[in-house]
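One structure is given below, encoded as structure tokens.
What follows draws every value from the coordinates through simple rules; no lab data is involved. Note that the coordinates shown come from a computational prediction; the quantities given were computed from them, not determined experimentally. All Cβ positions, even for glycine, are placed from backbone atoms using ideal geometry, and neighbour counts span all protein chains on display.
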Amino acid sequence: MADVEIMGMIGVNRERDSSRGVTVSLFGGGINPADEIPAGIDPEYIAEFSLAHEASGFDKVLIGYSSATAEGFGVASYAASRTSKLGYLIAHRPGFVAPTLLARQAATLDQLTGGRIALHIISGGSDIEQRRDGDWADHDARYRRSDEFMEILRRVWTENVPFDYDGEFYRFEQNLSEVRTFQKPHVPLYFGGASDVAKEVGAKRADVYALWGEPLESIKEQVADIRERAAKYNRTIRFSVSVRPILGDTEGEAWERAKGILERVKSSVGDTIGPAKPARLQSEGARRLLDFAAMGDVHDQRLWMPIAAATGAAGSTTALVGTAEQVAESLLAYHDAGASAFIIRGFDPLQDTIDWGKELIPMVREGVAARST
């Protein structure tokens, strides 16, 4: 495993990413204006976007999940067929596909791609969003279900004799898969959540715990908390931090660009959501980001919160603003705090992906390498 893992995020429609990238890519498709026309899938854009990440030195790209957007395994399959090295972190919500089947789906695709697949298990932070797909489980039940789901995935991938399972959410007899993952011991499992139940489940089951971009001291506290919980299960765990870089040739130019993006966000969102109307009502992570935004616009010199405030903290909505060198320094500070992976995505999605490969990503990798010598 590399000392740092850098991940982006791909979309499936150029027009949608370009015209509403400031909002749609924030929400993963989960929140749309009432008059939004459903977007199609553009295969050539998926290929171009994936190849841009590959050329810029990304390790993986996240493929998001919502009740309205394109199905992730299909997108990953196509994108992998057009690339040679790039990995795919497929977001998946338990509750709609049996874990035994999902385990075989993931193992199959991992074999066909030569080990380029990872899963990001999303429990769900919005009752409204879950119900669009017919799920009425409450917040804590969703996390208990994720616990069982991840346990079963690992067992299907690794056990060599048929086994039974009788849990709160899943029950089956004599399961044994003939397809195993290309990666050993199995496909990596990413997981996130800021509530107490989420941290306990992630500490017990995840390979990588995903955190949103919070102030450094908060990240350090969460890393220490989750590591302590994982130690109870005799486990070690890695961490990722998700932020949205906004770069300029000068610091002043970066801040001017950030202000312009904020105005676009406010214009697009309008009065539908905001600080008094969180986008995901059951999300503890969203509540935390809104609390930090209320404390101030800027933390740690360049962690910028107004977009989180304007969008009701709908997903990864905190930004790092500055030159490539300054943002790289901020990412390295998160690395020093315990994060060995980053999910970075732009407000000008394709062009940002290309630009970050020129300076930002090499600087981060060089900084991490220097720390390991």
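Here are some notes:
- Computed over the Cα atoms of segment 136-276, pair by distinct pair, the Kirkwood hydrodynamic radius stands at 18.4 angstrom.
- More than 19 angstrom apart: percent of Cα pairs within segment 96-196: 46 percent
- Note on the chain: helix-only mean residue ellipticity at 222 nm, from DSSP H runs of 4+ residues weighted -39500 (n - 2.57) and normalised by residue number, equals -14500 deg cm²/dmol.
- Residue exposure proxy: 347, 96, 149, ordered by other Cβ atoms within 10 angstrom of their Cβ from fewest to most, comes out as 96, 347, 149.
- Both radii are taken from the alpha-carbon atoms of segment 48-154; with Rh as the Kirkwood radius, Rg/Rh is 1.00.
- Taking segment 75-219 and dividing mean pair separation by its residue count, relative contact order in percent (alpha carbons under 8 Å, at least six apart): 25 percent
- Annotation: amide H of residue 212 within the under-5 Å range of 242, sequence separation 5 or more or interchain, hydrogens built in the peptide plane.
- For a straight C-alpha distance cut-off of 21 angstrom, the lysines reachable from residue 60 (same-chain residues fewer than eight places away being disregarded) are 85, 184, 358.
- Under the Debye formula (equal points on every Cα, no solvent term), log10 I(q)/I(0) of segment 63-117 at q = 0.15, 0.22 Å⁻¹: -0.41, -0.85
- Extreme residue, positive dipole direction of the chain, given options 107, 47, 78 (C-beta unit charges): 107
- Percentage relative contact order, the chain, counting C-alpha pairs under 8 Å, at least six apart: 19 percent
- Kirkwood Rh, Cα atoms: Rg over Rh of segment 192-239: 0.93
- Residues whose amide H falls under 5 Å from that of residue 88, counting only those 5 or more places apart or on a different chain, are 61, 117, 118, with hydrogens built in the peptide plane.
- Principal axis box of segment 194-346, alpha-carbon based, largest edge first, Å: 48, 36, 23
- Candidate values (i) 62, 50, 44; (ii) 63, 49, 37; (iii) 59, 53, 44, label of the one derived for Cα extents along the principal axes in Å: (i)
- Spatial separation of Cα centroids for segment 80-97 and segment 299-339, in angstrom: 26 Å
- Cα centre as origin, Lys/Arg/Asp/Glu Cβ charges: segment 129-193 dipole, Debye: 300 debye
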